[in-house]
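Peer 1: Attaching a single structure in structure tokens format; questions to follow.
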Amino acid sequence: MRLTQWTDYSLRVLMYCAACEGRAQPPTVSEIAEAHGISRSHLTKIVMILAGHGWLATTRGRGGGLRLMADPRRLTLGQVIRETEPDLNLVECFDVQHNTCRLNGYCRLKGALGQAMQAFLVALDGVTLSDLLAPTARSAAVAGQLPHLIPIQMAALQRPAAKAAPAPKKPVRPATARKTAKPPPAKG
């Protein structure tokens, strides 16, 4: 499963605003767009949807910007993903209206994937917006530095490395250089 760009950007906006809580000047759409290299117009649409959910308040004009209205200790990733992902159907048979699978009713794949999706969302229900922010991100945001530079441990998110091939039992001899014909003498 892959989250849509819309959800990814929604999470970035919410995290940015949470990191900027307490800053004298709230972040603007332009600031967030520039910090993340995202189209301002696209981000404006996302901000309007997030405001519609009551998670953000927007203020126009001088001194305006975005303020996080949701409590970051209570807003979970599961909530945000359920509201921003248009389609959580992993396979066709999850969508009753468009299902054309002939195995419907006989196949156990739908049940297995349904359980996996539920486990995924339950796991994300246990992660709040506040959990995503390192303490240094908040202090950097208050100081006016870009809070999108939040350090994360990518090693924890990566698959374990494949096992190395076992070492050979006998030492391997290096190949001997083949004798080559002598080059012809230089004409002079």
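The values are calculated or read from the model by the stated rules, or taken from the named source; none is laboratory data. From a predicted model like this one, the values you see are computed outputs, not experimental measurements. Virtual Cβ from ideal backbone geometry, glycine too; neighbours counted across all protein chains shown.
Peer 1: Condition first: among the acidic types (Asp, Glu) and either more than 27 Å from residue 131 (Cβ to Cβ) or outside any loop (DSSP other than H, G, I, E, B) (or both). Can you find one or more residues in the stretch 57-78 that meet it?
Peer 2: No - not one qualifying residue is present in the stretch 57-78.
Peer 1: State whether one or more residues within the stretch 83-91 are at pLDDT 90 or above and either surrounded by 15 or more Cβ atoms within 10 Å (Cβ to Cβ) or in a helix (DSSP H, G or I) (or both).
Peer 2: Within the stretch 83-91, one or more residues are at pLDDT 90 or above and either surrounded by 15 or more Cβ atoms within 10 Å (Cβ to Cβ) or in a helix (DSSP H, G or I) (or both).
Peer 1: Give the residue that is farthest from residue 81 (Cα to Cα), with candidates limited to residues of the stretch 1-27 that are assigned to a helix (DSSP H, G or I) and of a type in the set (S, T, N, Q).
Peer 2: Filtering the stretch 1-27 for residues that are assigned to a helix (DSSP H, G or I) and of a type in the set (S, T, N, Q), the one farthest from residue 81 (Cα to Cα) comes out as 5.
Peer 1: Let me ask another. What are the residues in the stretch 59-83 that are under 18 Å from residue 29 (Cα atoms) and hydroxyl-bearing (Ser, Thr, Tyr), if any?
Peer 2: 59
Peer 1: Looking at residue 8 and the list (1) within 27 Å of residue 117 (Cβ to Cβ); (2) surrounded by 12 or more Cβ atoms within 10 Å (Cβ to Cβ); (3) of a type outside the set (A, V, I, L, M); (4) in contact (Cβ under 8 Å) with a residue 12 or more places away in the chain, which single condition is not satisfied?
Peer 2: (4)
Peer 1: Also, I was wondering about something else. Which pairs have Cβ atoms under 6 Å, sit 6 or more apart or on different chains, and link a residue in the stretch 71-91 that is in contact (Cβ under 8 Å) with a residue 12 or more places away in the chain to one that is of a type in the set (D, E, K, R) and surrounded by 14 or more Cβ atoms within 10 Å (Cβ to Cβ)?
Peer 2: Every condition considered, the pairs that remain are 76/125; 78/125.
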